[in-house]
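**Student:** Please find one structure pasted underneath; my questions will follow.
Computed from the coordinates by the stated procedures, all read-outs in this text should not be read as laboratory data. Just so you know, these numbers come straight off a predicted model, no measurement behind them. Here the Cβ is made from the backbone with ideal geometry for all residues, glycine too, and neighbour counts use every protein chain on show.
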Amino acid sequence: MPKQKPSQPRKSQKRLNISTKDRWNKILKEVEKESVPVDVLQAVTFKLVDGTDVKVNIKELINSGYSSEEVEAFLNEKLEQLESYIDDVDYFVNVDDVANVIQPMTDSILKDLK
């Protein structure tokens with residue numbers, strides 16, 4: 001019968017190194033998108049009952065000079081106009097913008113927990 005090697009002690013498990021962006025993606029999946037500020041949205045797509053998609057590029061509107069309030073009013077108007085035709089709405093959140101806004105606040109709150 002062959003000799004068995006003594007079992008090596010298991011090395012402690014290492015934590016996964018999850019990037020900041022991955023962490024924010026995970027957090028954002030849990031958030032109700034309807035309550036997200038307009039200025040962190042990349043785009044909104046209205047999926048209509050007839051299969052048509054109406055995409056509104058939020059970043060493009062903001063970059064072309066529209067204020068967050070104007071964009072929000074525009075989106076609310078679109079929601080009202082298309083209400084009876086909308087099957088679903090997809091909100092595309094810009095993870096980098098959310099992280100840039102929230103991360104400094106989070107760091108400040110948690111700085112004394114080290």
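**Student:** Is it the case, given these coordinates, that Y66 is part of a strand (DSSP E or B) and under 19 Å from V40 (Cα atoms)?
**Tutor:** Here the answer is no, as Y66 does not meet what is asked.
**Student:** Say whether the condition of being crowded, with 16+ Cβ neighbours inside 10 Å, in a helix (DSSP H, G or I) and aliphatic (A, V, I, L, M) is met by at least one residue in segment 38-48.
**Tutor:** yes
**Student:** Also, I was wondering about something else. Going residue by residue through segment 78-96, is there one that turns out to be in contact with a helix residue (DSSP H, G or I) (Cβ under 9 Å, 6 or more places away or on another chain) and over 30 Å from T52 (Cβ atoms)?
**Tutor:** No, segment 78-96 contains no residue that is in contact with a helix residue (DSSP H, G or I) (Cβ under 9 Å, 6 or more places away or on another chain) and over 30 Å from T52 (Cβ atoms).
**Student:** Looking only at segment 76-110, which residues are surrounded by 15 or more Cβ atoms within 10 Å (Cβ to Cβ), free of Cβ contacts under 8 Å to residues at least 60 places away in the same chain and under 18 Å from the mean Cα position of the chain (by Cα)?
**Tutor:** Selection gives V89, Y91, F92, N94, D97.
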